1. Identify all residues within the stretch 39-71 that are of a type in the set (G, A, S) and over 23 Å from the mean Cα position of the chain (by Cα); write none if there are none.
2. Collect the residues in the stretch 58-110 that are part of a helix (DSSP H, G or I), near the ligand (Cβ under 9 Å from one of its atoms) and farther than 20 Å from G197 by Cα, keeping them in residue-number order.
3. Do we have V150 as away from the ligand (no atom under 13 Å from the Cβ), crowded, with 20+ Cβ neighbours inside 10 Å and over 25 Å from P101 (Cβ atoms) here?
4. Here is a list: K13, K45. Which entry is away from the ligand (no atom under 13 Å from the Cβ), without any contact (Cβ under 8 Å) to a residue 60 or more places away in the chain and surrounded by fewer than 15 Cβ atoms within 10 Å (Cβ to Cβ)?
5. Filtering the stretch 114-162 down to residues that are among the basic types (K, R) and closer than 23 Å to F180 by Cα, which residue is modelled with the highest pLDDT?
6. Residue by residue through the stretch 30-42, note down the ones that are surrounded by 18 or more Cβ atoms within 10 Å (Cβ to Cβ) and free of Cβ contacts under 8 Å to residues at least 60 places away in the same chain.
7. Within the stretch 120-136, track down each residue that is within 24 Å of A24 (Cβ to Cβ) and more than 10 Å from the ligand (Cβ to nearest atom).
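The values are calculated or read from the model by the stated rules, or taken from the named source; none is laboratory data. Remember, predicted model here, so these are calculated numbers, not experimental data. Virtual Cβ from ideal backbone geometry, glycine too; neighbours counted across all protein chains shown.
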Amino acid sequence: MARLRPIPTVKPKDLAEALRYLAAGGRPMAGGTDLLVSIRKGTEKPELLVYVGELPELRFLREEEEGLEVGAALTHAELLSHPATERLPILREVLRTIGSPAIRAMGTLGGNLVTASPAGDGLLALYLLEARVRLVDDAGERELPIQEFVVGPRRTALKPGELVRSLFLPYPEGNPRSFFRKVGRRRALVIAVASLGALVWVEDRRVKRARLALGSVAPTILRPREVEEALVGRPIAPEAWEDLVPKLSAATQPISDLRASAEYRRKVAGRLLLALAEALRTGL
Ligand SMILES: Cc1cc2nc3c(=O)[nH]c(=O)nc-3n(C[C@H](O)[C@H](O)[C@H](O)COP(=O)(O)OP(=O)(O)OC[C@H]3O[C@@H](n4cnc5c(N)ncnc54)[C@H](O)[C@@H]3O)c2cc1C
């Protein structure tokens, strides 16, 4: 464990002040549940921490006709208890599984996004919802689709001095069924060995359309488009999806680490597809 040295920390009163600190090389911190762990491990060595967790400009929810805009510094617990997220059941299903009550009370959706872990559960929901990331720096604002914002494992398109201000989460059309399952090595405080989330539009007991997102089986969250397309028109029954199991496994690019081997992850990803079919068949 690295020896801890005190890191200067500032708490700006508003966004403009925060951006000035960031432009001078400061590092944003919201809940600190990822960043402080990395600092303790010695893998991150920021010179200045800029606490953004209470900036009013990052702490709002706005219901628009097309979707929900979520301030980056809202915590998982706040999102879970806000009535506006009822229209996004997949978001709630995923956030409920993050860490523990204490972690959900501290950790934010913006922090989960910027950590860009392939095991990031909130991030997986953002891929399923095809979220748009709204960024701000002292030069102005820009917006990126989630898959352009995340550029690799723990790497994003965030520029120095830039903050994630909010996430725009488009409401999915119609009434898709939501599914999220993560497989870990224990029941609580699980970091996924593999996870699968899905939005599935069902008509006459057949798949009309599907979005799938896999966690922990590739450098970033994976949308297996070929499998999504191959599902269209299939009956919602595991036996009718068997041939897609190897296809899904083949789409993954897992690594072996302390938690699981690549081979195991590949296998689990495939089996999760059948768990989805079963859940749809039994009405979830
Ligand atoms: C015990 C434990 C269990 C956990 N369990 C889970 C789990 O089950 N699933 C899961 O997905 N994660 C889990 N995590 C990881 C973590 O809690 C989440 O990723 C959390 O959402 C991070 O948010 P935060 O606000 O704490 O981020 P922070 O630690 O404050 O920041 C994380 C990163 O984001 C950057 N950042 C934060 N806010 C902004 C912003 N607005 N703009 C730009 N950059 C920003 C920081 O600079 C840093 O790089 C766990 C962590 C712990 C310690």
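1. So in the stretch 39-71, the residues of a type in the set (G, A, S) come out as 42, 53, 67, 71.
Of everything in the stretch 39-71, just one residue is of a type in the set (G, A, S) and over 23 Å from the mean Cα position of the chain (by Cα), namely G42.
2. L58, A102, I103, M106
3. Working: away from the ligand (no atom under 13 Å from the Cβ): no; crowded, with 20+ Cβ neighbours inside 10 Å: yes; over 25 Å from P101 (Cβ atoms): yes.
Taking the combined requirement at face value, the residue does not satisfy it.
4. From the options K13, K45, the qualifying one is K13.
5. R132
6. Residue satisfying the conditions is I39 alone.
7. Correct list: R134 only.
Residues are listed down the side, and each one gets a yes or a no for (1) within 13 Å of L167 (Cβ to Cβ); (2) of a type outside the set (K, R); (3) surrounded by 24 or more Cβ atoms within 10 Å (Cβ to Cβ):
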site: S100; (1), (2), (3): no, yes, no
site: A131; (1), (2), (3): yes, yes, yes
site: L135; (1), (2), (3): yes, yes, no
site: R142; (1), (2), (3): no, no, no
